[in-house]
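Have a look at the structure below before the remarks.
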Amino acid sequence: MRRLFALALLGIALPLAAQQPPKLEPLPEPPPAPPGLAPDPALEPEVTITTRGEDKVEEYRVNGKLYAIKVTPPHGVPYFLLDDTGAGVMSRRDALDTGLRVPQWVIHSF
């Protein structure tokens, strides 16, 4: 029975191994971006790095609004202070925190 099973597997595997991969052609270069669709530099985050005592503090801002702070102590694990709602209230998140969070993006602000 084992020999029959091994021959059946061999019978299935040999035709698969004999197949030749298709001839691949290189992809053409992508066309340039249309004018007026250049990335907006105002959406790039501004990062300010300072030291407070022995801690290294990185402040992240978009359009001048502070949305995250990363604090790196000299001996220990870095942690983040995040503004989840945009109301200016910061909540602490550890770097190793694996809790599930739904992505939130600002679609439009008035």
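From the list Val62, Val77, Val71, Val89, exactly one residue is on the phi < 0 side of the Ramachandran plot and at pLDDT 90 or above. Which is it?
Values: Val62 fails: at pLDDT 90 or above; Val77 fails: at pLDDT 90 or above; Val89 fails: at pLDDT 90 or above.
Exactly one residue qualifies, and that residue is Val71.
The residues listed here are Val77, Val71; of these, the one that is out of contact with any Cys (no Cβ under 9 Å at 6 or more places or on another chain), surrounded by fewer than 13 Cβ atoms within 10 Å (Cβ to Cβ) and over 18 Å from Ser109 (Cβ atoms) is Val77.
The lone criterion from (1) modelled with pLDDT of 85 or more; (2) among the basic types (Lys, Arg); (3) in a loop (DSSP other than H, G, I, E, B) left unmet by Lys23 is number (1). Against the test of being among the small types (Gly, Ala, Ser), in a loop (DSSP other than H, G, I, E, B) and at pLDDT below 70, the options Ala42, Ala33, Ala38 yield a single qualifying residue, Ala38.
The values are calculated or read from the model by the stated rules, or taken from the named source; none is laboratory data. What you see is a predicted model; the values in this text were computed from it and never measured. Note that each Cβ is placed from the backbone with ideal geometry, even for glycine, and that neighbours are counted across all protein chains shown.
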